[in-house]
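Participant: Right, I'll just put the structure down here and ask away after.
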Amino acid sequence: MAASKKLVKANINMTDVIYRVARLPGVRIDREDYLRHAFGRYCTPDQVERVVAAGPSSAGISEKIISAAAKSSIRYETIKVTSVSALAGIPGGLAMLGTVPADLAQLYAHMLRVAQKLAYIYDWPDLFDVDGDEEAVQNLLVLFMGAMFGIKTANQGIAQVMERVSRSVTGTIPEKALAEGVIATIANKVAKTLGMKIPEESIKRGVAKAVPVISAAISGGVTFSAFYPMSRRLQKDLIDIQQLRQESRWAEWDQRARSGPAGVDNPFGHSAAGEGAGAGVDPRRQANSAPRPDPGTQGSQTYRGVYGEQLILDAEIVED
């Protein structure tokens, strides 16, 4: 607990701490490599390319596969964080963090890893692709960490970032909005909340309410019962944000299909064929009419979905 007290007294910048942890070896997740690994064995090569280009949902991958990938990544990182962290053995690794105790650094590392994986599963672009703007990256990582701890303003900030990503022609992270303005202000508030919440709870209760930290006898490992719910909380937030995004895109498509010319493309690559207002078939109705597998049949199953591709339904994704 002495280390945690030192963290409070030092009053260090939590945004900087989180970013420094993100730069440790093994923490950053390569978006393309991860998506290829998570979906490559269950999807066709063409589907994988679309997953990498636009994200699993936008590529037409079934919700069941996406959910399986998310749960697998959460389980994987949860197991890792409850064991002795490999980062502790890296020369100059955790030592570079100065006043940050090793148990908290280990926690942050795995939180950042699972946050990146979940973001990429739910159609986010590369979180580090901000043209070298470190402040933008720092603020974005703080928002994801804050959401895992249940800080509501963090979730609001993430939703605003995704809204700007959707508006962007390039579909990349809006570095200017993250480095200044409303989103940056939200990130700063979240960082201050994190700076008080994590170490103070560790001092007051020994086993923190937000981050239960076990004694040094087991290397400060974080309990399964703490990390897993935090990861699932972020997953739920990302799902909610994605659904709102899709509803907005569908509403825009509906309006364009009613008033625009024939062949209007919908948000997911279909066309509203025909002439006049309301022409074409709503792909959502097509999806509802797609043949479904017999629920009583065991094993991995596939069906031809709205995209006309073979979508795998019950496959378990396992991380190596």
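Participant: Which count do you get for residues in the range 50-83 that are touching a Phe, Trp or Tyr at 6+ places or on another chain (Cβ under 6 Å), part of a loop (DSSP other than H, G, I, E, B) and closer than 19 Å to Ser225 by Cβ?
Facilitator: Adding up the residues that qualify gives 1.
Per-residue answers, yes or no, for (1) buried (at least 19 other Cβ atoms within 10 Å of the Cβ); (2) at pLDDT 95 or above; (3) not in a helix (DSSP H, G or I):
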| position | (1), (2), (3) |
| --- | --- |
| Val114 | yes, yes, no |
| Tyr120 | yes, yes, no |
| Ala136 | yes, no, no |
| Ser166 | no, no, no |
| Val169 | no, no, yes |
| Ile173 | yes, no, yes |
| Met196 | no, no, no |
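Participant: Only one of these conditions is not met by Ser202: (1) in contact with a strand residue (DSSP E or B) (Cβ under 6 Å, 6 or more places away or on another chain); (2) modelled with pLDDT of 90 or more. Which number is it?
Facilitator: With respect to (1) in contact with a strand residue (DSSP E or B) (Cβ under 6 Å, 6 or more places away or on another chain); (2) modelled with pLDDT of 90 or more, Ser202 is out only on (2).
Participant: Return the pair list, or none, for Cβ contacts closer than 9 Å from residues in the range 176-189 that are touching a residue at least 12 places away in the same chain (Cβ under 8 Å) to residues that are outside any helix (DSSP H, G or I), at least 6 apart or on different chains.
Facilitator: Final answer for the pair search is Lys176/Asp133; Leu178/Val130; Leu178/Asp133; Ala179/Val130; Ala179/Asp133; Ile183/Pro174; Lys189/Ile151.
The values are calculated or read from the model by the stated rules, or taken from the named source; none is laboratory data. Predicted, not measured: the structure shown is a model, and the values here were computed from it. Positions of Cβ are backbone-derived with ideal geometry, glycine not excepted, and every protein chain shown enters the neighbour counts.
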